[in-house]
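Peer 1: Dropping the structure in here first, questions after.
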Amino acid sequence: MARFVYRLQKVYELRERKKKEHEQRVIDAQKRVRDVEIAIEEKKNEMRMVRKNMLASPHTLMAAHDQFLHHLNDRLDELYEDLTIAKNELEKERQLLIKAQADLEALVKHKEKAREEWLEEEKKLELKMLDEIAGQRYFRAKLQEELDNAEYEQLTQDTEAENY
C-alpha cells in the first residue's frame, strides 16, 4: 500500500516553525516583564533603605538624600514606562502566537481531512481490485464448470453411444 504524502507538508512545517518561534518570543517577552518588575521592586527597596538611612543621618545630608530620592523616583518612573512597554509587547506577541496557532490548527485539520480522503480512495481502489479478483475467480469457476459439464455430457454421450 502506498504511503500518504501531504502535498502541503512544506507549508505545514513552516507554520509549525513559525508557531514555535512565536512561543519563544512570548517566553522572552514574559521574561522581560518579570525582569522589569524585579527591577521596580529593587528600586522600591532601595528607596525604603534611603528613607530609613535618612532618619539616622545628620540633617546636613538631608538635601543629598532628597536629591538621591528624587533621582530614584525618576528612575522608578522610567521603569514603570518600561513595564508598560514590555506588557504591550507581551500582549502583541501573544496575539501573534494565537494567530500562528490558529493557522497551524487550520492546516492540521486540512491534513487530517486529506488523509481521510486518501484512505477512502485507497479503500475504493482495494475494493475495486478485490471485486476484479472475485469476478475473475467467478468467471474461471463458471468456465471450469462449463468445461466439466461439457466433458461430462461428452462422456455420457460416448457411453450411451457405446451401449447402443
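Peer 1: Using only helices, what value at 222 nm comes out for the chain when you add -39,500 (n - 2.57) per DSSP H run of length 4 or more and divide by the total residues, to the nearest 500 deg cm²/dmol?
Peer 2: Mean residue ellipticity, 222 nm, calculated: -35000 deg cm²/dmol.
Peer 1: Averaging sequence separations of C-alpha pairs under 8 Å and six or more residues apart, then dividing by the length of the chain, give the relative contact order as a whole percent.
Peer 2: 37 percent
Peer 1: Could you please rank VAL36, VAL11, placing first whichever residue has the fewest other Cβ atoms within 10 Å of its Cβ?
Peer 2: By the 10 Å Cβ count, ascending, the order reads VAL11, VAL36.
Peer 1: Give me the one-decimal nm value for the distance between modelled label points at ASN53 and LEU8, 7 Å along each residue's Cα-to-Cβ direction.
Peer 2: 6.3 nm
Peer 1: Moving on to the next point. Apply 1/(1 + (r/R0)^6) to the Cβ-Cβ distance of ILE27 and ALA64, taking R0 = 35 Å, and write down the FRET efficiency to the nearest 0.05.
Peer 2: Efficiency, rounded to the nearest 0.05: 0.25.
Peer 1: Could you pull out the pairs from LYS18/LYS99; LYS10/LYS123; LYS19/LYS111 whose alpha carbons sit more than 21 Å apart here?
Peer 2: Over 21 Å apart, Cα to Cα: LYS10/LYS123.
Peer 1: To continue, here is another question. State the percent of C-alpha pairs, over all pairs in the chain, separated by a distance greater than 19 angstrom.
Peer 2: 77 percent
Peer 1: Distance in nm between label sites at GLN136 and LEU96, each 7 Å beyond Cα in the beta-carbon direction?
Peer 2: 5.9 nm
Rule-based calculations on the coordinates, nothing more; no lab input. What you see is a predicted model; the values in this text were computed from it and never measured. We place every Cβ from the backbone using ideal geometry, glycine too, and count neighbours over all the protein chains shown.
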